[in-house]
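Taking it in order: structure first as structure tokens, then the write-up.
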Amino acid sequence: MKPSAPMRERVSEAEWAARVDLAACYRLVALYGMADLIYNHITVRVPGEEGHFLINPFGLMYAEITASSLFKIDFEGRVIERPDLPGDIEVNRAGFVIHSAVHAARHDVACVLHTHTRAGMAVSAMACGLLPATQGALRFHGRLAYHDFEGPAVDEGERERLVSDLGVHDAMVLRNHGLLTCGRSIAEAFLLMHRLEMACRVQVDLMAAGTALHMPTPEVMEKTARILAPPTFTGRTGNEASLGNWNGQREWAALVRQLERTDPSYRD
């Protein structure tokens, strides 16, 4: 039986705004070449509803995601609000395991973004991890978590180990698997993933070149990481903190304008 009212009429204004932003994020991940067919997830807490978050249906491409097509589930994986989609389209259990773990443990996190990109998977398998070779990579210097591969993330027992490895960080390399970022907003999580993905792509290019790398000095590494990291994770205040404004709001506004010009159907 179909719902009696459209999704927009069944949810709060705050939830609808979160749905629109999350659908935009899915479209942008696809646009910037970070999607993996119908796999992976981006999730966001439902404003004003403790223990509920929004997640994509398992079966739609990222470029198909709309505000109305998102599932609302709880930390146990129970569906709270189902979109008007065919009955065989449900929620991917692996997405629930990873994302519910982070949302349950990190109350400062609103959005979690996980990818399987070519460059991200390549770096995840490198013993060296992400090298502090470029300014972009130095954003994560000393602030990048690593979680060892345990197979496909369907074991709920892995949740405790995953959040323990993540700690207070906002980005993580899932060894032999992919990348994960989390942010205080959808904008922040997306910008972090874009920065991390670009750092991984550059590293793969550098290592493929087969030439010796010129690395910054340890002093410059620490200085750059301190300037670029967000105040929340460093305790910085004042002018120095403003130099490291990585919350993504300015970039997000420009990215949404780009979507509006090309295909605003994400708002449906």
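Structural remarks
- Pair list, Cβ under 7 Å, 6 or more apart: the stretch 104-130 residue at positive phi, other residue surrounded by fewer than 18 Cβ atoms within 10 Å (Cβ to Cβ): Gly129/Tyr146
- Among residues of the stretch 114-134, those that are more than 27 Å from Phe71 (Cα to Cα) and either in a loop (DSSP other than H, G, I, E, B) or touching a Phe, Trp or Tyr at 6+ places or on another chain (Cβ under 7 Å) (or both), counted: 10
- Among residues of the stretch 179-211 being surrounded by fewer than 22 Cβ atoms within 10 Å (Cβ to Cβ) and not hydrophobic (A, V, I, L, M, F, W, C), the one that is farthest from Phe96 (Cα to Cα) is Thr211.
Each row is one residue, and each column tells you yes or no for (1) outside any strand (DSSP E or B); (2) in contact with a Cys (Cβ under 9 Å, 6 or more places away or on another chain); (3) under 29 Å from Glu251 (Cβ atoms).
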site	(1), (2), (3)
Glu15	yes, no, yes
Thr43	no, yes, yes
Leu54	no, no, yes
Ile80	no, no, no
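- Test set (1) crowded, with 16+ Cβ neighbours inside 10 Å; (2) in contact (Cβ under 8 Å) with a residue 40 or more places away in the chain; (3) over 17 Å from the mean Cα position of the chain (by Cα) - Asn40 fails condition number: (3)
- Hits in the stretch 68-82 - residues which are loosely packed, with under 14 Cβ neighbours inside 10 Å and among the β-branched types (Val, Ile, Thr): Val79
- Among all residues of the stretch 185-205, there is at least one that is assigned to a loop (DSSP other than H, G, I, E, B) and either at pLDDT 95 or above or closer than 16 Å to His41 by Cα (or both).
- Search result, residues across the stretch 1-38 that are at pLDDT 95 or above, in contact with a Ser or Thr (Cβ under 6 Å, 6 or more places away or on another chain) and over 15 Å from Pro264 (Cα atoms): Met34
- Matching entry among Asp165, Asp268 (being of a type in the set (D, E, K, R), touching a Ser or Thr at 6+ places or on another chain (Cβ under 6 Å) and either surrounded by fewer than 17 Cβ atoms within 10 Å (Cβ to Cβ) or modelled with pLDDT under 90 (or both)): Asp268
- Flag if Ile80 is aliphatic (A, V, I, L, M) and in contact with a helix residue (DSSP H, G or I) (Cβ under 9 Å, 6 or more places away or on another chain): no
One line per residue, one yes/no per condition, for (1) part of a strand (DSSP E or B); (2) among the charged types (D, E, K, R); (3) at pLDDT 95 or above:
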{"site": "Lys72", "(1), (2), (3)": "yes, yes, yes"}
{"site": "Leu85", "(1), (2), (3)": "no, no, no"}
{"site": "Phe96", "(1), (2), (3)": "no, no, no"}
{"site": "Ser100", "(1), (2), (3)": "no, no, no"}
{"site": "His103", "(1), (2), (3)": "no, no, no"}
{"site": "Asp108", "(1), (2), (3)": "no, yes, no"}
{"site": "Val112", "(1), (2), (3)": "yes, no, yes"}
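- Criterion (at pLDDT below 95 and either surrounded by 20 or more Cβ atoms within 10 Å (Cβ to Cβ) or of a type in the set (Gly, Ala, Ser) (or both)) met by exactly one of Ala241, Ala171: Ala241
- Here Ile98 meets the list (1) farther than 22 Å from Ala187 by Cβ; (2) in contact (Cβ under 8 Å) with a residue 60 or more places away in the chain; (3) among the hydrophobic types (A, V, I, L, M, F, W, C) almost entirely, failing just condition (1).
- Leading residue by the ranking (farthest from Met207 (Cα to Cα)) among those in the stretch 134-161 that are surrounded by 19 or more Cβ atoms within 10 Å (Cβ to Cβ) and aliphatic (A, V, I, L, M): Ala153
- Test result for Arg261, of a type in the set (D, E, K, R), at pLDDT 95 or above and either exposed (fewer than 12 other Cβ atoms within 10 Å of the Cβ) or part of a loop (DSSP other than H, G, I, E, B) (or both): yes
The values are calculated or read from the model by the stated rules, or taken from the named source; none is laboratory data. These numbers were taken from a predicted model, which means no experiment stands behind them. Cβ sites come from the backbone with ideal geometry, for glycine too, and all protein chains shown count toward neighbours.
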